[in-house]
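Handing you a structure now.
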Amino acid sequence: MTEPLATIKLTRATGSVVEGEALVSAEGFSPRYDLDRWTGEITKPGHRLQGQYIKDKICFFPTAKGGIAAGWAFADIKAKNIAPLAFIFGVTNPVMVQGAVFAGITLTEGWDPDPVTCVSTGDWVRVDPARKVIEVLRRVG
Amino acid sequence: MELNTEEQAILRGEQGVAAQEALAYQVKVGEFFEAQRFVPITNAHMMGDIEVLGDSGLNYLKCMAEKRGHCRVPATTNARCFDFDYVDYLGQDRGEAQKEKKVIQFLRDMNVMTTDTCINYQTLYQPHLGEHVAWGDTGTVIYANSVFGARTNFESGPAALAAAITGRTPEYGFHLDVHRRGNFVVEMQTEIHDLAEWGALGKLVGEPNQYYFAVPVFTGIEPRPTADQLKHLGAALASYGSMGMFHMVGVTPEAPSVDAALGGNRPSKTMTITRADIDRVFKQYSLGDGSGNLVVFSGPQLSLFELKTLSELFAGKKVAKGTQVFVTTSNGVKSAAAKLGYLAPLEAAGVTLLEGVCFYILQNLSPMRVANGWSNLVSNSAKIVNIIGAHKFNTILRRTQDCVEIAISGRLK
């Protein structure tokens with residue numbers, strides 16, 4: 001196995017090992033406020049990721065916003081085949097965790113260093129909850 | 001997590017498959033947060049409507065009901081996405097409405113009381129200081145923690161249902177003293193009155209401090225707020241800030257003084273809120289295409305007191321031609337309002353009162369927006385103007401009186 005290009009240590013993590021394309025947001029996330037839950041597109045006007053799709057992505061969000069809805073919504077978007085592979089939060093709230101555990105989606109909280117310093121949207125990354133690390137495997141372009 | 005004898009028995013399946021699965025799920029969530037143990041709860045409040053459940057959630061409820069899932073503590077439901085009397089009026093999907101009826105049946109099969117209200121804390125159950133409950137939506141949680149001094153985390157639908165079935169919840173977050181202490185101070189330098197101003201305060205404090213464990217300590221609040229004002233503040237803090245608790249010195253039970261509310265924490269900062277700050281919130285909304293054809297009083301559902309006020313403001317008036325006004329409340333409040341004569345003036349004015357729903361979660365809302373030619377949404381709820389964004393409304397926060405005037409004139413101001 002090749003050496004990762006960068007490694008992020010995580011504070012807490014749940015779920016299985018996943019590998020995929022990073023989608024890095026400078027803004028927080030709520031599945032009910034920001035997401036079209038039929039297409040997987042971030043539709044909230046003015047959201048930094050407006051127009052982007054979360055399907056099969058490793059989604060980095062600094063914060064979780066509002067919303068009890070994630071509890072059901074994550075399982076719903078997974079059943080509709082538009083779910084991301086993982087949610088990577090700087091800080092999260094219990095609903096996101098309850099929803100991800102319920103849906104079987106990998107979720108982590110807390111990072112060092114901040115991914116804005118070492119991950120860009122489009123990079124290929126691996127999330128390993130048991131080892132509490134994210135590894136950047138390939139750079140975009 | 002350390003499990004007691006009973007919990008170990010539940011995990012072995014001795015209280016049925018539904019309880020076994022529910023507890024196993026709770027253990028996983030508890031372990032994420034490094035919870036040491038479970039705490040018994042007395043009450044659960046859950047979100048479960050077809051709009052957010054989807055077919056997968058509906059199927060899950062069906063399976064849990066078939067596995068004889070049974071709530072062992074009183075469990076109530078949050079607002080849902082259909083008022084069945086208005087399905088055709090709103091152009092909602094009849095098939096989805098049928099599914100919503102199934103949701104309700106499966107929940108009742110599991111001993112859930114389908115009360116369909118997001119103001120359970122005003123109308124159904126008021127837990128006392130230190131009482132552990134498992135509640136969602138976020139507005140109910142922040143009210144329980146802050147105003148009652150009860151203890152709950154944001155419990156999403158599956159988590160609250162699991163808690164109701166097992167009668168317990170993992171002890172983390174706001175069940176623990178350490179997270180209940182204030183960590184920054186908000187000094188009020190102005191009086192605020194209208195519900196929209198209380199929501200604006202929640203936006204000002206919540207937006208720049210988005211964090212579940214950010215616990216603001218409000219000082220200088222004069223005069224004493226009403227329950228409805230605290231409701232709008234809490235709903236906005238939870239919505240903009242993802243917050244689950246606040247203190248208000250001299251008002252909330254764990255805040256007899258600033259020091260007591262901080263509990264030994266050094267505040268990370270002190271914010272001051274002036275009249276100019278509050279007024280600035282109202283000025284920042286774009287008027288979009290200038291249309292004033294949708295005014296909404298919802299999110300949270302209205303109390304009997306709010307409904308009485310609206311009834312008085314609309315009495316003898318007519319909603320402008322081409323403008324629609326929606327009010328949402330619970331069955332209990334609507335029934336009382338009808339009996340007390342508060343509904344008739346609203347109906348005569350042309351206001352549509354929906355029961356058991358919240359506007360922003362209405363099934364089919366995006367197509368409804370397009371079909372009705374709505375682009376602007378005017379409301380006195382800071383929460384709803386924040387959360388309805390995914391449906392592509394341009395939202396505008398206005399004070400209650402202004403909302404009524406816009407509804408009557410059809411013109412923005």
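Coordinate-derived values only; no laboratory data. Predicted, not measured: the structure shown is a model, and the values here were computed from it. FYI the Cβ positions are ideal-geometry reconstructions off the backbone, even for glycines, and counts take in every protein chain you see.
Any idea which of B:ASN145, B:ASN209, B:ASN183, B:ASN153 is touching a helix residue (DSSP H, G or I) at 6+ places or on another chain (Cβ under 6 Å), surrounded by fewer than 24 Cβ atoms within 10 Å (Cβ to Cβ) and either of a type outside the set (Gly, Ala, Ser) or within 14 Å of chain A (Cβ to nearest Cβ) (or both)?
Just one listed residue meets the conditions, B:ASN209.
If you go through segment B:130-137 one residue at a time, do you hit one that is in a helix (DSSP H, G or I) and free of Cβ contacts under 8 Å to residues at least 40 places away in the same chain?
no
Just a yes or no: is a residue in segment B:342-359 under 24 Å from the mean Cα position of the chain (by Cα), closer than 28 Å to B:PRO216 by Cβ and not in a loop (DSSP other than H, G, I, E, B)?
yes
Between B:GLY299, B:GLY292, B:GLY244, B:GLY263, which is farther than 30 Å from B:PHE174 by Cα and surrounded by 15 or more Cβ atoms within 10 Å (Cβ to Cβ)?
B:GLY292
B:ALA227: among the aliphatic types (A, V, I, L, M) and either away from chain A (no Cβ under 14 Å) or closer than 15 Å to B:ALA382 by Cβ (or both), yes or no?
Against the criterion (among the aliphatic types (A, V, I, L, M) and either away from chain A (no Cβ under 14 Å) or closer than 15 Å to B:ALA382 by Cβ (or both)), B:ALA227 qualifies.
For the subset of segment B:49-88 comprising residues that are of a type in the set (Asp, Glu), away from chain A (no Cβ under 14 Å) and not in a loop (DSSP other than H, G, I, E, B), which member is surrounded by the fewest Cβ atoms within 10 Å (Cβ to Cβ)?
So the residue we want is B:ASP85.
Assess whether B:ASP194 counts as being over 26 Å from B:LYS67 (Cβ atoms), charged (D, E, K, R) and touching a Ser or Thr at 6+ places or on another chain (Cβ under 9 Å).
yes
Hey, another quick one. Look through B:PHE326, B:PHE314, B:PHE305, B:PHE359 and report the one residue that is of a type in the set (A, V, I, L, M, F, W, C) and surrounded by fewer than 17 Cβ atoms within 10 Å (Cβ to Cβ).
Residue meeting the stated conditions: B:PHE305.
Quick grid of which residues meet (1) in contact with a Gly (Cβ under 9 Å, 6 or more places away or on another chain); (2) under 23 Å from B:MET47 (Cα atoms):
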residue: A:ALA6; (1), (2): no, no
residue: A:GLY15; (1), (2): yes, no
residue: A:ASP36; (1), (2): no, yes
residue: A:HIS47; (1), (2): yes, no
residue: A:GLN52; (1), (2): no, no
residue: A:LYS55; (1), (2): yes, no
residue: A:ILE68; (1), (2): yes, yes
residue: A:TRP72; (1), (2): yes, yes
residue: A:ILE88; (1), (2): no, no
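So B:LEU365 ticks every box in (1) farther than 12 Å from B:VAL295 by Cβ; (2) in contact (Cβ under 8 Å) with a residue 60 or more places away in the chain but one. Which box is left unticked?
(2)
Which of (1) buried (at least 19 other Cβ atoms within 10 Å of the Cβ); (2) polar (S, T, N, Q); (3) under 20 Å from B:THR140 (Cα atoms) does B:ASN331 not meet, given it meets every other one?
(1)
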